[in-house]
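What follows is one structure encoded as structure tokens, with my remarks underneath.
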Amino acid sequence: MALGVALRVAQQGLGVAFLSGEMDEERLMERALAIEGRVTVDDLRAAKLSDQTRAGVGGAAVRLRGLPLAMLPLAAEDFDTMADRLDPLRQLSLVVVDYLQLVPPPRGLTRVTQDEDTALVLRHLKALALERQVALLLVAQLPRFQAGRENPRPTLEDYGVLGALKQHADVVLSIFREEMYRPGAAWKERRS
């Protein structure tokens, strides 16, 4: 989803930096081609494309070529080293970070707890966004999420991080797929 948002913003001619801790630039571009070409990543990798889908992927490659989208590694020795990667990029409007728990802590941080480290990283990310006057889209895992609870919909408490998310985020969106926790429930509700 975050890559899809980054693509849509870049297609508006606005500069985007996508910092990924999970995939390199080649994998991200592969996913971008799949999104834009409207094919699955598996079909793209296996070259299981019809003439029509192959043409769609070719058109997607042409559209992606000139986008103001920089894909950068998130891994770094510390937060400042990671943030310095944004310096050469001009006229950024959006920075996407995939994902919060992989952002390196600030230099000189004495490790206390994971929650305290992550809360400090959140404060630094908010300061970075304000300093550079960019929107920040931050992907995060839910370390406190318990799938077996009565209501499996994500809450702010599922993010942990000592309430820092509530303090620093302007908007928090959580994805919930009903069919994962209650198979068939969404279909039954629509039929009623």
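The values are calculated or read from the model by the stated rules, or taken from the named source; none is laboratory data. These figures come from a predicted structure and were not determined experimentally. A quick note on method: Cβ atoms are made from the backbone with ideal geometry, for glycine too, and the neighbour counts reach across all protein chains shown. We work out accessible area using only protein heavy atoms, side chains counted, and drop any ligands, DNA or RNA first. Shrake-Rupley method; radii C 1.70, N 1.55, O 1.52, S 1.80 Å.
Largest GNM mean-square fluctuation across V57, V16, V103, computed for the chain with C-alpha springs under 10 Å, falls on V57.
The C-alpha radius of gyration of region 45-134, expressed as a fraction of 2.2 N^0.38 Å, stands at 1.49. Solvent-accessible area assigned to carbon and sulfur over region 39-128 amounts to 53 percent, based on a 1.4 Å probe.
Which one, [x] 53, 37, 31; [y] 92, 42, 38; [z] 56, 52, 27, gives Cα extents along the principal axes in Å as derived from the coordinates shown? The listed entry that was calculated here is [z].
Toward the positive end of the charge dipole of the chain, with +1 on the Cβ of Lys and Arg and -1 on the Cβ of Asp and Glu, the farthest Cα among G13, Y99, P143 is that of G13. The residues packed around A83, meaning those with a beta-carbon under 15 Å from its beta-carbon, carry a net charge of -1 if Lys and Arg are +1 and Asp and Glu are -1.
Taken per residue, the accessible surface of region 1-95 reaches 57 Å², heavy atoms only and a 1.4 Å probe. Please grab the % of Cα pairs in region 19-71 that end up more than 16 Å from each other. That tail contains 38 percent of the Cα-Cα pairs.
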